[in-house]
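Contents: one structure, followed by commentary.
The values are calculated or read from the model by the stated rules, or taken from the named source; none is laboratory data. Nothing here was measured: the structure is a model prediction, and the numbers come from that model. Every residue, glycine as well, gets a Cβ built from its backbone with ideal geometry; the counts of neighbours run over all protein chains shown.
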């Protein structure tokens with residue numbers, strides 16, 4: 001479970017960076033003028049994620065309760081189809097990452113890439129996160145995971161960009177917009193599950209909002225949603241590169257905890273942030289950073305030519 005958690009987070013960072021690369025191909029906004037080599041290098045970590053997925057693909061029987069699903073769902077949720085869909089998604093996104101990180105504007109390919117991220121990313125979130133609970137279902141879950149990817153990818157791009165006093169206000173505005181959308185979807189899911197009051201769905205919510213998991217839920221709401229929202233509203237603060245980069249680092253940590261909150265089994269009566277999850281997160285994050293550094297240099301030389 002620890003490796004799956006780390007894999008989901010760092011794959012989300014690469015997919016989120018690819019999202020912003022594709023958006024910039026469509027809009028050519030000034031906020032992303034220097035991001036193409038950074039976003040391209042981050043997105044080109046997807047082949048590494050395809051290799052890393054082998055470590056959890058061989059353990060699907062122990063990770064996922066698919067045997068408890070109804071018969072009509074077991075054919076859809078079994079190791080070969082799920083790993084096949086995941087591998088195909090990573091392969092397709094890798095093609096877009098390598099093609100669109102090169103010089104030149106490709107609006108048609110960018111539009112197709114965004115559509116594939118929306119459709120396949122939603123399917124991947126159902127396969128690898130929502131199916132961890134055999135009784136839970138939410139139509140908002142795909143967008144919730146995708147917005148978390150977009151926010152984590154944006155936070156990494158802001159952190160890895162050189163300080164820029166001209167564009168940091170735009171970066172702060174983008175962080176605020178992603179944070180608002182993610183918080184709104186979290187609240188909408190909570191409201192729908194609470195008002196529906198279905199035992200199989202409300203049970204998923206209860207163990208993650210009350211009891212042992214209440215401190216984590218409260219921290220996500222107060223420290224990683226309400227406080228950054230209020231701080232990012234202040235225009236003068238968003239003109240300070242150090243502040244915007246600090247907020248990006250804080251929100252990246254929030255995204256890591258939010259992913260943990262969404263997918264980690266919550267049946268325990270005592271919340272424990274698993275050391276194995278932190279270890280897997282650091283190991284895979286180190287590999288991701290090395291891969292990013294390699295491709296950043298390659299793309300930098302290509303851009304200079």
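Computed quantities for the displayed model
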quantity	calculated
Exclusive hit being without any contact (Cβ under 8 Å) to a residue 40 or more places away in the chain, surrounded by 14 or more Cβ atoms within 10 Å (Cβ to Cβ) and under 22 Å from the mean Cα position of the chain (by Cα), set 125, 101	125
Any hit, the range 160-172, residues being at pLDDT 85 or above, crowded, with 23+ Cβ neighbours inside 10 Å, in a helix (DSSP H, G or I) and within 16 Å of the chain's Cα centre (by Cα)	no
The listed residue being farther than 22 Å from residue 99 by Cβ and touching a residue at least 12 places away in the same chain (Cβ under 8 Å), out of 45, 39, 17, 52	52
Close pairs (6 angstrom Cβ cut-off, 6 or more residues apart or separate chains): in contact (Cβ under 8 Å) with a residue 60 or more places away in the chain and on the phi < 0 side of the Ramachandran plot in the range 80-98, surrounded by fewer than 20 Cβ atoms within 10 Å (Cβ to Cβ) and part of a helix (DSSP H, G or I) anywhere	90/50
Among the residues listed as 73, 36, 30, the single one being out of contact with any helix residue (DSSP H, G or I) (no Cβ under 6 Å at 6 or more places or on another chain) and crowded, with 16+ Cβ neighbours inside 10 Å	36
